Structure formats: structure tokens, C-alpha cells
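K.L.:
Quick one: the structure is below, questions incoming.
The values are calculated or read from the model by the stated rules, or taken from the named source; none is laboratory data. Since the model is a prediction, treat every value here as computed from it, not as a measurement. As a convention, Cβ positions derive from the backbone with ideal geometry for all residues, glycine included, and neighbour counts pool all protein chains shown.
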Amino acid sequence: MKWFRTLAVSVAMTLVAGCAHQSPPKTQWVYAPMAIPLQNSVKDEVQIARLSELLQRQDISDNVRSRMLNQRGNAYDNVGLQDLARLDFSQSIAINPKQPAVFNMLGVFYTGVNKHDAAYDAFDSALDLDPKNAFALRNRAVALYYGERPELGLEDMAKLAKLQPHDPFNALWVYFMQYEQDPQHAKKVLLNEYSVHNDQWGWNLVALTLGEVSEEQVLKSILDSTHDNELLAHRLTETYFYLGKRYQLQGRYAHALSLFKLAISLNVQEYVEYRYSFLELENIYKSLRQTKQ
């Protein structure tokens, strides 16, 4: 089955007709570039079965049980069973609360289902245990953004900038948060960040957001440079999510909806871009319903 992991394909999507008709002339995609959607790992499924059997034993210590629940939670998350993962993580920290990484994961879960207060509590716990946890800091900032508190999110991003200076993904989230307050200032700040960019992959997404490169250039670069299906799925998930955000900010909701659906379709479940695409779809549908009332 090695071919299954390495073959890159392009499939027809409903996005294409709209993009080909409405996008600037330099964007000429007829089909949306795709990878084969990632499949659940047999290793994860076997681990779930094995750990489920072991957790039934009464003679294991609390410390071991906590670790096993954490491991099974990660396996559940990898195969898309997020509610079961959340339950295992909650049980794990009930036994051993000194696990900042687990609190961070719980915060991401709660953000994805619009339970903002629970998300803030989880990220606060993670950062109390590990104040320099960059993942928890950025994820709390994102949760604050989705909770319509971008000014507080920017405070977290300012702290994160000291830990991870000139990070392209941090720069993008700062842009989204500042855009809520002042679009022109947000673009100026992002351009300043991009002016000192390096070879890190994420800067391509910053350039795409700024309009420094076309969609066609970025997608062609991904297809030309990526020959492994898993990596291709990762790259396209990120690209479709941030491109969807760009269209969303422009008020072009039909394009944004299609792109968030594309990000989901590749099944890269461990990426926040996959998780937050569901949230973006829900928010757009909610916004459109409210405008029709």
C-alpha cells in the first residue's frame, strides 16, 4: 500500500467553478489540488484495544493509570474520537493534575466546540504549571480570538513573540486579531513581519495572505516540492485554512466555506487548522443566518 501514501491527485470540487469565475485572472485552477485523505493508523487502533484491556486491571498504580489514560487519549484523538479523548484526558489529570500538555489539549478541544470559559480554564492551568509553554500560550490567544476577546489574545501573542520571535503562524494569528480592530494597521504589522522572513514554510502562507504571491504560485510550489502524500495533506490543510480565513475577512463567504471544507476533507486531525475549520464553518453559517433574520 505504499502507493497510497505517496500518490498526489487532484479531484473536482464545487469550489472550482466559483474560483475560476470570480478570482483574479492570475488564479487559473480548474480543480482544487488535493492529497489522498489520511487514514486512521492501525497502530493507534491496536493501542486503543490494548490499553482498554490493561485499564480494566485493578493492580496498576495511579501514576501508571494516568499515563495509560493519556496514551489512550492521544490514540483516540489520532483516530478522530475527540470526545473519548477528552474523557480520557480529564480522567488522567484527575489522577495527576501536573500535566500542562494535557490541559493544553483539553483547551483545544473546548475551543473547537465554542466552550470558551472551559478552554480558558484549561489553558490557564497549563500555563500555571508551565508559564513558557508556547503551545498553550498561542492556543489561549486563539481561544480568546474565537471568544471575541481579541485584545486579550494580543496580550498573549505579545508574550509569545518573546519566546518565538518572527514565527509565521504567530504572525498570521496576530493579523487576524488586529484585523478585528484596524485592518490597515494589521496589514502593516504583517508586512513588517514578512520583511524579515526566512525559509520556513509558513511564510508562504503569510505571503499568500498579503497578496504577495498568487494562489496558483503557492499551490504549484506545494505540488512541485512535496512528493509524500502525508506531507502534501499537511501543507494543503494549512493552505486551505489560511486562504479560507483571507476570503472570510474579505466577506467572500462562499469561497471561505469551500476552502474550510477542503481543509477538513484531508483528515489531518492532529492539526489545529483541521479542528478550527469546523469552528469557522459554524461561525459563518451562524453569521449568515443572523443577517437573514
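K.L.:
Restricting attention to the range 257-267, does a residue exist that is in a helix (DSSP H, G or I) and charged (D, E, K, R)?
P.N.:
yes
K.L.:
Counting only residues that are under 21 Å from the mean Cα position of the chain (by Cα) and within 30 Å of HIS255 (Cβ to Cβ), give me the helices (runs of 4 or more DSSP H) lying completely in the range 32-117 with at least 3 of them. Walk me through how you get there before you give the answer.
P.N.:
On the way: elements: 42-54, 62-78, 82-95, 100-112.
By residue number, 100-112.
K.L.:
Going by the conditions given, is LEU219 hydrophobic (A, V, I, L, M, F, W, C) and touching a Pro at 6+ places or on another chain (Cβ under 8 Å)? It would help to see each step written out before you state the result.
P.N.:
On the way: hydrophobic (A, V, I, L, M, F, W, C): yes; touching a Pro at 6+ places or on another chain (Cβ under 8 Å): yes.
The answer is yes for LEU219.
K.L.:
Working carefully through the options SER52, SER92, find the one that is surrounded by fewer than 21 Cβ atoms within 10 Å (Cβ to Cβ) and among the polar types (S, T, N, Q).
P.N.:
On the way: SER92 fails: surrounded by fewer than 21 Cβ atoms within 10 Å (Cβ to Cβ).
Result: SER52 is the single residue among SER52, SER92 that is surrounded by fewer than 21 Cβ atoms within 10 Å (Cβ to Cβ) and among the polar types (S, T, N, Q).
K.L.:
Pairs under 8 Å by beta carbon, first residue assigned to a loop (DSSP other than H, G, I, E, B) in the range 239-251, partner buried (at least 21 other Cβ atoms within 10 Å of the Cβ), six or more apart or different chains?
P.N.:
Partner pairs satisfying both residue conditions: none exist.
K.L.:
Output the number of the condition that LYS132 fails; it satisfies all remaining conditions of (1) within 30 Å of ARG50 (Cα to Cα); (2) at pLDDT below 95.
P.N.:
Failing condition for LYS132: (1).
K.L.:
From LEU249, LEU259, grab the single residue that is surrounded by fewer than 21 Cβ atoms within 10 Å (Cβ to Cβ) and out of contact with any strand residue (DSSP E or B) (no Cβ under 8 Å at 6 or more places or on another chain).
P.N.:
Working: LEU259 fails: surrounded by fewer than 21 Cβ atoms within 10 Å (Cβ to Cβ).
Just a single option satisfies the conditions, and that option is LEU249.
K.L.:
So, in the range 268-293, of the ones that are within 12 Å of the chain's Cα centre (by Cα) and outside any helix (DSSP H, G or I), which residue ends up farthest from GLY112 (Cα to Cα)?
P.N.:
Of everything passing the filter in the range 268-293, VAL268 is farthest from GLY112 (Cα to Cα).
K.L.:
Give me a count of the residues in the range 252-277 that are farther than 19 Å from ASN40 by Cα and of a type in the set (Phe, Trp, Tyr).
P.N.:
So the answer is 3.
K.L.:
Across the range 136-180, what is the number of residues that are over 23 Å from GLY244 (Cβ atoms) and either within 15 Å of the chain's Cα centre (by Cα) or among the β-branched types (Val, Ile, Thr) (or both)?
P.N.:
Within the range 136-180, residues that are over 23 Å from GLY244 (Cβ atoms) and either within 15 Å of the chain's Cα centre (by Cα) or among the β-branched types (Val, Ile, Thr) (or both) number 2.
K.L.:
Further question on the same structure: Have a look at VAL218, VAL206, VAL213 and point out the one that is part of a loop (DSSP other than H, G, I, E, B) and on the phi < 0 side of the Ramachandran plot. Walk me through it before giving the result.
P.N.:
On the way: VAL218 fails: part of a loop (DSSP other than H, G, I, E, B); VAL206 fails: part of a loop (DSSP other than H, G, I, E, B).
Result: VAL213 is the single residue among VAL218, VAL206, VAL213 that is part of a loop (DSSP other than H, G, I, E, B) and on the phi < 0 side of the Ramachandran plot.
K.L.:
Anything in the range 55-89 that is surrounded by 14 or more Cβ atoms within 10 Å (Cβ to Cβ), over 28 Å from LEU266 (Cα atoms) and charged (D, E, K, R)? List them, or say none.
P.N.:
ARG65, ARG67
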